[in-house]
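Here is the structure we will look at, set down as C-alpha cells.
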C-alpha cells in the first residue's frame, strides 16, 4: 500500500483543526479508524475522503452530541447512515437554539429590570415606583411567612412547568405576596410569567405607583407596621416581596424589595 495515497495524522490535524489527541480518541472509541497504520512505527494515515467525516464529528462535538452516540448510526461494517445522523444533529441544533433564545430573552429582561431599578439602588427609605402590569402564577400559603419557610417554598419554582412552558433556570421575578383586608390576610408564593392561560392559579397584578422599601431580611409580614403612616385610612392593600435586581449585587447578601399597592386586585 502506497503511503502517498494517504495523509499523515499531523497533516490531517492541520487541515481539519482536530488535534492529534482528538484523532487518536476518535480511533479509540471506534468512530474514526485510520485508513492505514504503519506496523513498524505505529504511525497513523488517513484517506482524503475521511476529512469529511472528521468535519461531521467536529459539528457533533460543537452541538454537544456525545461522540459514542455516533456509533448508533454505523453498521458492523462501518457504513454510516449520514441522513439519519444529520436529522439527529438538526434536532439537537434546534433544541440548542431554543435554549439560546430563552437565554437571550432572560438577558434582555434582566437588563430592562436592572435599568429601571438603577435609580432606586441604595435607597434607605420608602419611595414611590411605577411598575407595569404583571402576570403571577401563585400558590396559596396557609400560615404566616417567616425568614426561613419562604425560601424553601420559592425554591420549588426553579424547576416548575406552566402549561407547555418550561421555566427552569430562567425565572426573573419570584417571591411572596400578601393581600391584606380588614378581616384576613391571603398569602401566596408567586412567579412571574410572560403569558398566561385562564386558570385559577393566575393573578393579574395591576400597574400602578407602588410604595417600596428595601430590606436585608424577609419583611412582608411587617408590611402594616413598615408602611403604617402611608396606609392610614386604607382598608385593603397588596404587598409583594421579591429580590431587588440591582446593577451591583453582593452574592450572599441579597436585598429584597417590599412593594405595596393600596388597591388590592
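What follows is calculated from the coordinates using simple rules that are stated; it is not laboratory data. On a predicted model such as this, the values are computed, not experimentally measured, just so you know. Using ideal geometry, Cβ is built from the backbone for each residue, glycine included, and neighbour counts are taken over all protein chains shown.
Looking at segment 3-80, what % of the alpha carbon pairs are farther apart than 22 Å?
20
Pop the C-beta distance of residue 106 and residue 222 into the FRET formula with R0 = 22 Å and round what comes out to the nearest 0.05.
Efficiency at R0 = 22 Å is approximately 0.10.
How many angstrom separate the Cα center of segment 184-245 from the Cα center of segment 1-68?
Segment 184-245 and segment 1-68 have Cα centres spaced 61 Å from each other.
Mean shadow of segment 1-48, computed from the convex hull of its alpha carbons, in nm²?
For segment 1-48, the mean projected area of the Cα convex hull comes to 3.3 nm².
Report the full-extension gain for the segment residue 209 to residue 71: residue separation times 0.36 nm, less the Cα-Cα distance, to one decimal in nm.
Using 0.36 nm per residue and subtracting the Cα-Cα distance, I get 43.6 nm.
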